[in-house]
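Student: Got a structure for you, questions after.
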There are 2 protein chains.
Amino acid sequence: MGDVKVKNMEEFAALSGISRPTVSKYFNDPGSVRASTRARIEAALEKYDYRPNIFAMNQNRKLTKNIGIVVPYLADPFFAEIARNIEQRCIDSGYRPTLFSSHGNPELEIEILDALQSLKPAGVLFAPLGRASNKAEIEKFCKNVPTVLFDSNLDGIGEAFVGSDNFSFVSQTVEYMTRTGAPPSFFEMRTPANPNANKRRAAYIEMMTRLGFEPHVIQVDGEGWAFEEIGRRGAHKVLEDKNHPTDAILCSNDRLAIGFLSACYERGVKVGRDADCVLRVASNDDHPFSKFTCPALTTAAHDYDRVSEHSVDSLFELIENGKRPGTRAETLFPARLILRASA
Amino acid sequence: MGDVKVKNMEEFAALSGISRPTVSKYFNDPGSVRASTRARIEAALEKYDYRPNIFAMNQNRKLTKNIGIVVPYLADPFFAEIARNIEQRCIDSGYRPTLFSSHGNPELEIEILDALQSLKPAGVLFAPLGRASNKAEIEKFCKNVPTVLFDSNLDGIGEAFVGSDNFSFVSQTVEYMTRTGAPPSFFEMRTPANPNANKRRAAYIEMMTRLGFEPHVIQVDGEGWAFEEIGRRGAHKVLEDKNHPTDAILCSNDRLAIGFLSACYERGVKVGRDADCVLRVASNDDHPFSKFTCPALTTAAHDYDRVSEHSVDSLFELIENGKRPGTRAETLFPARLILRASA
DNA sequence: AATAAAAATTTACGCGCGATAACTTTTACT
DNA sequence: AGTAAAAGTTATCGCGCGTAAATTTTTATT
């Protein structure tokens, strides 16, 4: 990088010996100028310290290079990881991602979308809160900005949805537990924040019926996004009552399972597949911490990479093809069973 | 909110019956206009749908309302939580925070600062990676932008530092373990990413010496930010060798401890203060997940609230007082001991 | 070498707002 | 009521760049 500070594009164009409009074209899309001019501009970039003014750039541009990434709850490492993955892909493609978290708050979620509008984003990758989301407002937003939903679907909203196949998750965990032990009870929140939870419950019931067993759903109380604590308290109640038909529990998601295992430990209930274990616990998500629970959690893993890759690719296709595809694609990726000690 | 879209401030000013420069003043600082005009503008805001164009706003402003928040590793819920706290405080004060994560990568850290410069931020709240950070580049950045460092200090860099008092953490955990059992060995990474780790080790040695015991530091190998895995592997080695003088372990931080406890469980080493326990494990940080380890982790808690409050306040003081205070304040907040089952 | 197509240049305008200066109106206070 | 200070108004400029049209130069094709 250079040492001489260059004030504006006019000056930089003069220094590089190229006209300003061409330099402008270069910054908008380096591939749109001839290789020889590109080389001259890049040589000048090495020599002088110049970056176009972002604010002036975006003011009159019809399509900015800004991408909004919105996740429901960033303190959940699952979303932090997927956000990171998506963020990197955007940067690699020459876009400028900005990360937002709704922090579990539906009003904040709408405020974020409002603020995003004024950034004139080329597109938005959006994992909604789910049940609590203000769908009318979100729909309004999606009419103005090309949006790809991920992780959590809202029917008909956004240009596309990319997520994981909940049936694939639950069918594998149920099948595994049944085959290697007993058919599990299903442990979940009574009023889940996320629509995936409902699909998982339905998949559980479907699978159990298909395999010829009676489904048994345990629903615990609790609101908000403190899933571990909800799981822990719920587990204490469940373990006290002891009215589950088998010694197998399938948690709707890993964060509930983390709480569940913590309660088991507190009560001295040994979990795992050893002979002296009284309970087997499995779950879904392959949360970054699920490897470190006690015992380590058997779970079904999201295909992080493919979900984020396909989300980003879908959005870029939308952006580059002038948007509005007509049909709303819903892409689901299958899960991968991760066997650990808990079941 | 209104329904009629208003194109620009000119138009909005006409609709509200106020001159454009006054409306401009209002958006810059609502308190700077008379209460009666403020009411008229706000009435018009209710009636019409108008928001100033961010890009045009920031283009010519000497001081924007942008605040950069940079954390080293967002997939660590500790940083996610503190970032959220800081973010909210910025918004409440009328600023526009943008969140960035260095993802443990020193080059990315510098890229983020570079990108931040072009956002002309009024100020930056910055938790550096630490040892791996490119200090020369960071120092250069801090010369251009008022920056408050938090969590992790870099000597002399930035206008102020706000963090936790590592001696307060370690002295309490060491004192507690010693008083209620035996003096602990200290478990840490050989080449810690973070300068706090060095301060904690020093504090441990100081405390042990003061109490009349021989310090015993266990250093495990491992690079990067996968602390849990490093802790787990390190613990397996340590537990195999069994050459620790007492049955008490103090981990440098909670994420290492999470891995340590996971290894203990895997080996059937019972941790806690019950009679049948062979090991006590404590740690420092009060990580959001430390409540759910098995057993729940005894640790020393950061004062999240005060650290983030004071960081933000320091920065705003810098910004509003025209910056450059002359002396670089370092503020450390004490820890609070959290007793749980592990020690 | 002739011709068409592609790329770069020149020129000019405008985006939406911040900032300033000179002037007028409203408020606060003796 | 009189006066100074505070706040609002009108007018105008400029920020740094995108964009478009008309023109010229370069490259590719036969």
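The values are calculated or read from the model by the stated rules, or taken from the named source; none is laboratory data. Since this is a predicted model, take the numbers as computed values, not measurements. Positions of Cβ are backbone-derived with ideal geometry, glycine not excepted, and every protein chain shown enters the neighbour counts.
Student: Scan A:S118, A:S133, A:S93, A:S101 and give me the residue that is within 16 Å of DNA strand C (Cβ to nearest atom), of a type in the set (G, A, S) and outside the structural domain of A:N253 (by TED's automatic domain parsing).
Tutor: Working: A:S133 fails: within 16 Å of DNA strand C (Cβ to nearest atom); A:S93 fails: within 16 Å of DNA strand C (Cβ to nearest atom); A:S101 fails: within 16 Å of DNA strand C (Cβ to nearest atom).
Criteria check complete, one pass: A:S118.
Student: Out of A:N60, A:N8, I need the residue that is on the phi < 0 side of the Ramachandran plot, within 13 Å of another protein chain (Cβ to nearest Cβ), within 9 Å of DNA strand C (Cβ to nearest atom) and exposed (fewer than 15 other Cβ atoms within 10 Å of the Cβ). Which one? Full working, then the answer.
Tutor: Numbers: A:N8 fails: within 9 Å of DNA strand C (Cβ to nearest atom).
Within the list A:N60, A:N8, the selection yields A:N60.
Student: Which ones in region A:1-31 are among the small types (G, A, S) and more than 9 Å from DNA strand D (Cβ to nearest atom)? Break it down stepwise before answering.
Tutor: Going through region A:1-31, the residues among the small types (G, A, S) turn out to be A:2, A:13-14, A:16-17, A:19, A:24, A:31.
A:G2, A:A14, A:S16, A:G17, A:G31, listed by residue number.
Student: Mind checking which residues of region A:100-115 are surrounded by 23 or more Cβ atoms within 10 Å (Cβ to Cβ) and within 13 Å of chain B (Cβ to nearest Cβ)? Give the derivation first.
Tutor: Taking region A:100-115 first, the residues surrounded by 23 or more Cβ atoms within 10 Å (Cβ to Cβ) are A:100-102, A:109, A:113.
Residues satisfying the conditions are A:F100, A:S101, A:S102, A:L113.
Student: If a residue has to be in contact with a strand residue (DSSP E or B) (Cβ under 8 Å, 6 or more places away or on another chain) and either in contact (Cβ under 8 Å) with a residue 60 or more places away in the chain or not charged (D, E, K, R) (or both) to count, how many in region B:179-203 make the cut?
Tutor: Of the residues in region B:179-203, 12 are in contact with a strand residue (DSSP E or B) (Cβ under 8 Å, 6 or more places away or on another chain) and either in contact (Cβ under 8 Å) with a residue 60 or more places away in the chain or not charged (D, E, K, R) (or both).
Student: Right, another one. Name every residue in region B:223-246 that is within 14 Å of chain A (Cβ to nearest Cβ), assigned to a helix (DSSP H, G or I) and not small (G, A, S), in order of residue number.
Tutor: B:F227, B:E228, B:E229, B:I230, B:R232, B:R233, B:H236
Student: For region B:300-343, name all the residues that are over 22 Å from the mean Cα position of the chain (by Cα), within 14 Å of chain A (Cβ to nearest Cβ) and not charged (D, E, K, R). First the steps, then the outcome.
Tutor: Going residue by residue through region B:300-343, those that are over 22 Å from the mean Cα position of the chain (by Cα) are B:320-327, B:339-343.
Those still in the list that are within 14 Å of chain A (Cβ to nearest Cβ) too: B:340-342.
The answer is B:A341, B:S342.
Student: I need the full set of residues from region A:257-289 which are among the hydrophobic types (A, V, I, L, M, F, W, C), more than 10 Å from chain B (Cβ to nearest Cβ) and touching a Pro at 6+ places or on another chain (Cβ under 8 Å), in order please.
Tutor: A:A282, the sole residue that qualifies.
Student: Restricting to region B:116-129, give me the number of residues that are more than 9 Å from chain A (Cβ to nearest Cβ) and either closer than 18 Å to A:T98 by Cβ or touching a strand residue (DSSP E or B) at 6+ places or on another chain (Cβ under 7 Å) (or both). So that I can check it myself, show each step before the final result.
Tutor: The initial filter retains those residues of region B:116-129 that are more than 9 Å from chain A (Cβ to nearest Cβ), namely B:116, B:121-129.
With either closer than 18 Å to A:T98 by Cβ or touching a strand residue (DSSP E or B) at 6+ places or on another chain (Cβ under 7 Å) (or both) added as a condition, the list becomes B:116, B:121-128.
So the answer is 9.
Student: Let me ask something else about it. Of everything in region A:144-168, what is farther than 24 Å from A:T299 by Cβ and not in a strand (DSSP E or B)? Give them in sequence order.
Tutor: The answer is A:N144, A:V145, A:P146, A:L154, A:D155, A:G156, A:I157, A:G158, A:E159.
Student: Might you let me know whether region A:42-50 holds any residue that is under 39 Å from the mean Cα position of the chain (by Cα), away from chain B (no Cβ under 14 Å) and of a type in the set (G, A, S)?
Tutor: At the first step, the residues of region A:42-50 found to be under 39 Å from the mean Cα position of the chain (by Cα) are A:42, A:45-46, A:49-50.
Right, trim to away from chain B (no Cβ under 14 Å) and you get A:42, A:46.
Pick out the ones that are also of a type in the set (G, A, S) and you get none.
No, that holds for no residue.
Student: Considering only residues that are assigned to a helix (DSSP H, G or I) and either among the small types (G, A, S) or surrounded by 19 or more Cβ atoms within 10 Å (Cβ to Cβ) (or both), which ones fall in region A:116-137?
Tutor: Step one: of region A:116-137, the residues assigned to a helix (DSSP H, G or I) are A:116-117, A:135-137.
Within region A:116-137, A:L116, A:A136 meet the criteria.
Student: Of all residues in region B:90-99, which are under 22 Å from A:Y73 (Cβ atoms), more than 8 Å from every other protein chain (Cβ to nearest Cβ) and either crowded, with 20+ Cβ neighbours inside 10 Å or at pLDDT 95 or above (or both)?
Tutor: Those that are under 22 Å from A:Y73 (Cβ atoms), more than 8 Å from every other protein chain (Cβ to nearest Cβ) and either crowded, with 20+ Cβ neighbours inside 10 Å or at pLDDT 95 or above (or both): B:C90, B:P97.
Student: Same structure again: Which of the residues spanning region B:91-114 are in contact (Cβ under 8 Å) with a residue 12 or more places away in the chain and hydrophobic (A, V, I, L, M, F, W, C)?
Tutor: B:L99, B:F100, B:I110, B:I112, B:L113
Student: Moving on. Could you please find all residues in region A:263-279 being surrounded by fewer than 24 Cβ atoms within 10 Å (Cβ to Cβ) and not in a helix (DSSP H, G or I)?
Tutor: A:R267, A:G268, A:V269, A:K270, A:G272, A:R273, A:D274, A:A275, A:D276, A:C277, A:V278, A:L279
Student: Please enumerate the residues belonging to region A:65-89 that are more than 10 Å from the chain's Cα centre (by Cα) and more than 9 Å from chain B (Cβ to nearest Cβ).
Tutor: A:K65, A:N66, A:I67, A:G68, A:R89
Student: Something else about it: Scan region B:61-74 residue by residue and report those that are in contact with a helix residue (DSSP H, G or I) (Cβ under 9 Å, 6 or more places away or on another chain) and without any contact (Cβ under 8 Å) to a residue 40 or more places away in the chain. Let's see the steps before the verdict.
Tutor: Start the filter on region B:61-74 by keeping residues that are in contact with a helix residue (DSSP H, G or I) (Cβ under 9 Å, 6 or more places away or on another chain), which leaves B:61, B:63-74.
Residue satisfying the conditions is B:L74 alone.
Matching residues to (1) away from DNA strand D (no atom under 16 Å from the Cβ); (2) closer than 30 Å to B:G259 by Cβ:
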| position | (1), (2) |
| --- | --- |
| B:A35 | no, no |
| B:D49 | yes, no |
| B:P77 | yes, yes |
| B:R89 | yes, no |
| B:Y95 | yes, no |
| B:L99 | yes, yes |
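Student: Something else now. Could you tell me which residue of region A:203-222 is nearest to A:T191 (Cα to Cα), considering only residues that are assigned to a strand (DSSP E or B) and out of contact with any Gly (no Cβ under 7 Å at 6 or more places or on another chain)? So that I can check it myself, show each step before the final result.
Tutor: Start the filter on region A:203-222 by keeping residues that are assigned to a strand (DSSP E or B), which leaves A:217-220.
Checking which are out of contact with any Gly (no Cβ under 7 Å at 6 or more places or on another chain) leaves us with A:217-219.
Details: A:V217: 13, A:I218: 12, A:Q219: 8 Å.
If we take residues in region A:203-222 being assigned to a strand (DSSP E or B) and out of contact with any Gly (no Cβ under 7 Å at 6 or more places or on another chain), then A:Q219 is nearest to A:T191 (Cα to Cα).
Student: Determine whether region B:252-260 contains at least one residue that is aliphatic (A, V, I, L, M) and out of contact with any Asp or Glu (no Cβ under 9 Å at 6 or more places or on another chain). Break it down into steps so the answer makes sense when it comes.
Tutor: As a first pass, look at region B:252-260 and keep what is aliphatic (A, V, I, L, M): B:256-258.
Those still in the list that are out of contact with any Asp or Glu (no Cβ under 9 Å at 6 or more places or on another chain) too: none.
Among the residues of region B:252-260, not one is aliphatic (A, V, I, L, M) and out of contact with any Asp or Glu (no Cβ under 9 Å at 6 or more places or on another chain), which makes the answer no.
Student: Scan region B:247-262 and give yes if some residue there is surrounded by 15 or more Cβ atoms within 10 Å (Cβ to Cβ), assigned to a loop (DSSP other than H, G, I, E, B) and of a type in the set (S, T, N, Q), otherwise no.
Tutor: Taking region B:247-262 and keeping what is surrounded by 15 or more Cβ atoms within 10 Å (Cβ to Cβ), we get B:247-262.
Filter once more, keeping what is assigned to a loop (DSSP other than H, G, I, E, B): B:247, B:252-253.
Then drop every residue that is not of a type in the set (S, T, N, Q), which leaves B:252-253.
Taking every residue of region B:247-262 in turn, at least one turns out to be surrounded by 15 or more Cβ atoms within 10 Å (Cβ to Cβ), assigned to a loop (DSSP other than H, G, I, E, B) and of a type in the set (S, T, N, Q).
Student: One residue is enough: does region A:178-190 have a residue meeting the conditions touching a Lys or Arg at 6+ places or on another chain (Cβ under 8 Å) and under 21 Å from A:R131 (Cα atoms)?
Tutor: Within region A:178-190, one or more residues are touching a Lys or Arg at 6+ places or on another chain (Cβ under 8 Å) and under 21 Å from A:R131 (Cα atoms).
Student: Name the pairs: first residue in region A:13-28 and within 14 Å of chain B (Cβ to nearest Cβ), second residue more than 7 Å from DNA strand D (Cβ to nearest atom) and part of a helix (DSSP H, G or I), Cβ to Cβ under 9 Å, at least 6 apart or on different chains?
Tutor: Partner pairs satisfying both residue conditions: A:F27/A:I41.
Student: When A:A35 is evaluated against the numbered criteria (1) out of contact with any helix residue (DSSP H, G or I) (no Cβ under 9 Å at 6 or more places or on another chain); (2) within 19 Å of A:V145 (Cα to Cα); (3) not charged (D, E, K, R), which criterion, by number, is the only one it fails?
Tutor: Result: A:A35 fails condition (2) only.
Student: Could you please tell me which pairs satisfy a Cβ distance under 7 Å, a separation of 6+ or placement on different chains, a first residue in region A:325-343 that is within 17 Å of A:G163 (Cβ to Cβ), and a second residue that is modelled with pLDDT of 95 or more and among the β-branched types (V, I, T)?
Tutor: Between residues of region A:325-343 that are within 17 Å of A:G163 (Cβ to Cβ) and residues that are modelled with pLDDT of 95 or more and among the β-branched types (V, I, T), the close pairs are A:T331/A:V162; A:F333/A:V307.
Student: Quick check, is A:F55 within 11 Å of another protein chain (Cβ to nearest Cβ), within 9 Å of DNA strand D (Cβ to nearest atom) and among the hydrophobic types (A, V, I, L, M, F, W, C)? Talk me through it step by step, then tell me what you get.
Tutor: On the way: within 11 Å of another protein chain (Cβ to nearest Cβ): yes; within 9 Å of DNA strand D (Cβ to nearest atom): yes; among the hydrophobic types (A, V, I, L, M, F, W, C): yes.
For A:F55, the condition - within 11 Å of another protein chain (Cβ to nearest Cβ), within 9 Å of DNA strand D (Cβ to nearest atom) and among the hydrophobic types (A, V, I, L, M, F, W, C) - is met.
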